[in-house]
1. Using alpha carbons only, what's the Rg to Rh ratio of segment 256-328 with Rh from Kirkwood?
2. Sort D186, D28, D359 so that the residue with the fewest other Cβ atoms within 10 Å of its own Cβ comes first and the one with the most comes last.
3. Counting only DSSP beta bridges with both residues in segment 25-269, tell me the antiparallel percent, nearest 5.
4. Using the charge dipole of the chain (Lys, Arg: +1 at Cβ; Asp, Glu: -1 at Cβ; taken about the Cα centre), state which of G61, Y309, T96 has its Cα farthest towards the positive end.
5. Taking the Kirkwood radius as the inverse of the mean 1/r across Cα pairs, report the Rg/Rh of segment 156-214.
6. Report Rg (one decimal) and Dmax (nearest whole number) for segment 25-269, counting Cα atoms only, units Å.
7. For segment 244-375, what are Rg and Dmax over the alpha carbons, in angstrom?
8. Within segment 328-359, report the trypsin sites (Lys or Arg not before Pro) that DSSP leaves as loop and that have at most 14 other Cβ atoms within 10 Å.
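Every number here is computed from the coordinates shown, using simple stated rules; none is lab data. Bear in mind the structure is a predicted one, so any value in this text is a computation, not a measurement. In this analysis, Cβ positions are derived from the backbone assuming ideal geometry, glycine residues included, and neighbour counts consider all displayed protein chains.
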Amino acid sequence: MIDYQKINSNNMEIPFMDLKRQYLNIKDEVDKAIQETIDACAFVSGKMVKRFEDNFARYCGVKHAIGVSNGTSALYTALKALDVGPGDGVITVSFTFIATVEAISMTGARPIFVDIDEKSYNISPVKLIEYIENNCEWQESNKTLVDKKFRVRIRAIMPVHLYGQMVDMDPIVELAKKYNLKVIEDAAQAHGATYKGRKAGSIGHLAAFSFYPSKNLGAYGQAGAVLTNDDKLAKKMRMFIDHGQRERYDHAIEGWNFRMDGFQAAILDVKLKHLDGWNSLRNRNALLYKKYLSNLENIRLPGTHSNNYHVYHLFIIHTNMRDELKDYLKDAGIGTSIYYAVPVHMQPAYSYLGYKKGDLPVSELCASGVLSLPIFPELSLEEIEYVCEKLRSWRK
Ligand SMILES: Cc1ncc(COP(=O)(O)O)c(C=O)c1O
């Protein structure tokens, strides 16, 4: 039995995340998978990648999963598969990891931001409808939605299932149908999450996952995947991520090198079998936090919509005194983190888009108050109780 708790005078030391604990629990399986990859010399693409792709596609309930180098390249590949580029616009959120937006702007298209819902931290379908009604024009002749202000054709909506909870997808899919748009799910934080019983990654035309080590399903390096039910798009993406090759040295389209690493695929295939169990433990931890922290005056707990199975990639609390609370928890030996302190529209890299403070008030409010508590599956009950006890005695 591993003693997870390092007692430090009166305090416990609780890391924000501890990937070593997880590894120690599955060490034999992981070590074996690494050795098998070496024995097979399946270092890039190859049989480990194929096996993981098949298993991950089945897990998510889609026809094709294509392993790629990371989540950012997965998003970019999805956009390129739709030929999104200069003159196009893609609607997404500003309250996300910057990769969502980078993938759009690197195609030459314009990222267009819609504000979020304060309770779920996800894109607000109401504001999305408002945005389209107030700023866009439907051109029946060519079945195109044009953004009048930015003078771009809107091609896609990219909902981000932030923190492990899926976006309210029905209105998004309905709008996409109405306006001839594609839906690309950014599912980088939502492995195994469901909406009305449907898995993240299975609702949009395309979906992108990241397997960054800290994710619910994390590699031991960088990896990602793009998902689709569309055979043609899948074929195109397989070529795109492999230098546009149709056959060896026959480059049918312009492509890139976004192929998946064999070791990462082998490790992910081992970890996929544990994902549901880990997600339940994250839910257990979240329930305990909710039980022990309800009715705290200065702290708002995360909301979960009844349609959703939340997989708590992150457990987010919101407070007006975020920096003070972070320091207080640090002094008590508790690791926390902030996702995301500055929304993308306020980042210097995207100042050229012309947004200013106040344009996305809910995103800005959330960025100023969110704080992530430790939620990883291997946390002990004592550790959660300790975090809650410290939170309950804050400002007392
Ligand atoms: C919402 C979101 N989108 C995209 C990415 C990009 O994934 P990666 O870091 O694997 O490129 C991440 C990773 O943190 C993410 O959280």
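1. So for segment 256-328, dividing Rg by the Kirkwood Rh gives 1.14.
2. In increasing order of surrounding Cβ atoms, one gets D28, D359, D186.
3. Values: 25 of 39 bridges.
Antiparallel bridges make up about 65 percent of those DSSP assigns within segment 25-269.
4. The residue sitting most towards the positive pole is G61.
5. Value, to two decimals: 0.97.
6. Cα radius of gyration and Dmax of segment 25-269 are 18.2, 61 Å respectively.
7. Calculated on Cα positions, Rg and Dmax stand at 20.8, 64 Å.
8. In loop regions of segment 328-359 (DSSP not H, G, I, E or B), the sparsely surrounded trypsin sites (Lys or Arg not before Pro) are K356, K357.
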